[in-house]
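Please read the structure below before turning to the comments.
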Amino acid sequence: MQGHDFNGRPTNILENQYLRLETLASSARIVRLLPLGKANIFAELGQKKIPTPHGDFYFHGGHRLWHSPEHMPRTYIPDNEGALASLVPDGLRIDQPAETWTHIAKSIEIRLNPDRPQVILHHEMRNDGAWEVELAPWALTMMRLGGTAIFPQPQGNVDQTGLLPNRQLTIWPYTSLGDPRLQLRNDCILVTASPALPPIKLGYFNPHGWSAYWIEGTLFVKRFEAITHAVYPDGGCNSETYCNDEFIELESLGPLVRLAPGATLSHNETWELYDDLDQSFIPDPVKELLAA
């Protein structure tokens, strides 16, 4: 289980015949994901950090669990130390101590499917405070630049006459719809992950329950639950992306809940790795475009 060094921090390793995954030994962070024979597809951000009233928050790169809506300093409580890792069948569970000030304790259970290149993630948040807290679980995966992110769009009518809207798009104030990295298509929104500023961020309710990233012959697919009619943060988003000059994020969110003292909520993801674009859930025009 003991692994390598990640910017001066020790890691734990999970691996099978399909992939290798590394977590920080003292934090509920997944920092490396390497398909067999290939390089890490996650972003590695060195010592990139921002100051907060509670200490420096390090981005690291890779995968983390936050709670939404985003707010400084609530969202950015440092999480570098104190986590406890324990073995579970085919994987690892990491329990982070409750955050200072928010009193939210985070955990992540990681299991590798022994029969295919698949990672199964179970995230938890527990309210160790004395008051009810409104939040939504928010799982962010930071990919390295050089690929294209794929976000499938709702298709067809939602009513018999086709008079009602079938999709919405939430756009952050620094995002330009004329950004050349962004392609607003009817079948999918595509984001080319090339380094540029200002950043772009957008989100929507994704009824398909997946997003993907195509980079150097590897297709990374993130799957999550899409609950129709649930109340999601950020204007109803269960799927978001953020891209700047260092990384691109694939983000999934759970519904907003009022978490009572002592209560726990969960949010699940499944990651899949493929060696090509020839997958039935990728629209043919998108396959042709990305393969060109």
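The values are calculated or read from the model by the stated rules, or taken from the named source; none is laboratory data. The shown structure was predicted, so the numbers you read here are calculated from the model rather than taken from an experiment. For neighbour counting, all protein chains shown are included, and Cβ atoms are generated from backbone atoms with ideal geometry for every residue, glycine included.
If you go through segment 261-279 and keep only what is of a type in the set (Gly, Ala, Ser) and free of Cβ contacts under 8 Å to residues at least 40 places away in the same chain, you end up with nothing. Restricting attention to segment 50-60, the residues being part of a strand (DSSP E or B) and either aromatic (Phe, Trp, Tyr) or surrounded by 23 or more Cβ atoms within 10 Å (Cβ to Cβ) (or both) number 2. The requirement of being in contact (Cβ under 8 Å) with a residue 40 or more places away in the chain and either over 21 Å from Leu135 (Cβ atoms) or of a type in the set (D, E, K, R) (or both) is not satisfied by Leu202.
Scanning segment 168-195 for residues that are surrounded by 13 or more Cβ atoms within 10 Å (Cβ to Cβ) and either without any contact (Cβ under 8 Å) to a residue 12 or more places away in the chain or under 19 Å from Phe281 (Cα atoms) (or both) turns up Gln183, Arg185, Asp187, Cys188, Ile189, Leu190, Val191.
A quick yes/no check of all residues on (1) of a type in the set (A, V, I, L, M); (2) surrounded by 21 or more Cβ atoms within 10 Å (Cβ to Cβ); (3) part of a helix (DSSP H, G or I):
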site	(1), (2), (3)
Phe220	no, yes, no
Thr228	no, no, no
Leu250	yes, yes, no
Arg258	no, no, no
Leu265	yes, no, no
Thr270	no, no, no
Ile282	yes, yes, no
Glu288	no, no, yes
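If we keep just the residues of segment 10-39 that are more than 22 Å from Val88 (Cβ to Cβ) and surrounded by fewer than 19 Cβ atoms within 10 Å (Cβ to Cβ), which is farthest from the chain's Cα centre (by Cα)? Ranking the qualifying residues of segment 10-39, first place goes to Gly37.
Total residues in segment 61-76 satisfying the condition of being surrounded by fewer than 16 Cβ atoms within 10 Å (Cβ to Cβ) and over 17 Å from Glu240 (Cβ atoms): the figure is 1. Filtering segment 55-89 to residues that are farther than 18 Å from Glu251 by Cα and in contact with a Pro (Cβ under 6 Å, 6 or more places away or on another chain) leaves Gly55, Phe57, Pro73, Gly82. Against the test of being exposed (fewer than 13 other Cβ atoms within 10 Å of the Cβ) and at pLDDT 95 or above, the options Asp79, Asp115 yield a single qualifying residue, Asp115. Where strands (runs of 3 or more DSSP E) sit wholly within segment 61-129, those with at least 2 residues that are in contact with a helix residue (DSSP H, G or I) (Cβ under 7 Å, 6 or more places away or on another chain) and within 25 Å of Arg223 (Cβ to Cβ) occupy 62-68. Residue-level check: of (1) within 17 Å of the chain's Cα centre (by Cα); (2) over 30 Å from Glu15 (Cβ atoms); (3) of a type outside the set (D, E, K, R), Ile215 misses just (2). For segment 118-149, which positions are within 16 Å of Arg32 (Cα to Cα), surrounded by 20 or more Cβ atoms within 10 Å (Cβ to Cβ) and of a type in the set (S, T, N, Q)? Within segment 118-149, just Thr141 meets the criteria. When you check Leu135 against the structure, is it touching an Asp or Glu at 6+ places or on another chain (Cβ under 7 Å), of a type outside the set (D, E, K, R), at pLDDT 95 or above and part of a strand (DSSP E or B), yes or no? Criteria not met by Leu135.
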